[in-house]
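Worksheet for the structure shown next.
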C-alpha cells in the first residue's frame with residue numbers, strides 16, 4: 001500500500017495522477033501562479049493560485065505512518081470475515097491511498113485534538 005503525500009486539484013478536479021511537477025511561482029508578473037507539468041508533455045502550464053488546491057496528507061511523520069500501518073495490521077488480524085474467508089476490514093483498509101490532513105483520522109494518527117467544525121455546527 002502506497003499513501004500519497006498530497007492531492008492536486010485544478011478547477012475542482014483531482015489531477016494528481018496526471019501531474020509530474022507542480023511549483024508555486026512568486027516573482028514579478030508571475031506572482032501567485034502555479035507552474036504545472038503533465039505526464040507525456042514537456043510544456044509547463046500556468047494557473048492562477050485560486051484555481052489550484054493542494055491537499056496535504058495526514059501522514060506527516062514517521063509516527064503517524066507507523067500508527068496507520070499498525071491499524072492495518074490489527075485489521076488483518078481481527079477483521080470481520082465473510083463466509084468465503086475474505087477479511088472485509090483489511091480489504092477496506094488496503095484501499096486507502098490518501099488521508100486528508102483535515103479528516104478526523106488525521107487527528108487520531110497525529111494525536112491532535114480535533115478543532116470545532118464551523119460549517120457543521122447545529
Report the FRET efficiency, 1/(1 + (r/R0)^6), for residue 47 and residue 110, where r is their Cβ-Cβ distance and R0 is 30 Å, rounded to 0.05. 0.50
CD proxy, 222 nm, the chain: helix-only mean residue ellipticity via -39,500 (n - 2.57) per DSSP H run with n ≥ 4, per residue, nearest 500, stands at -7000 deg cm²/dmol
Using every pair of alpha-carbon atoms in the range 62-109, split the distances into 5 Å bins beginning at 0 and state the percent of pairs per bin, rounded to integers. 5, 20, 26, 24, 14, 7, 4, 1
Using all C-alpha to C-alpha distances in the chain, build P(r) with 10 Å bins and read off the rounded percent in each one. 11, 29, 28, 22, 7, 1, 0
With each pseudo-label sitting 7 Å past Cα toward Cβ, what's the residue 39-residue 65 distance in nm, one decimal? 2.2
So what is the relative contact order of the range 62-109, in percent, for Cα pairs below 8 Å that sit 6 or more residues apart? 32
What are the equivalent ellipsoid semi-axes of the range 6-56, built from the alpha-carbon gyration tensor (square roots of five times its eigenvalues), in whole angstrom, biggest first? 17, 14, 8
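Read-outs: derived from the displayed coordinates by stated rules, not from any lab. All values derive from a computational prediction rather than experimental measurement. Positions of Cβ are backbone-derived with ideal geometry, glycine not excepted, and every protein chain shown enters the neighbour counts.
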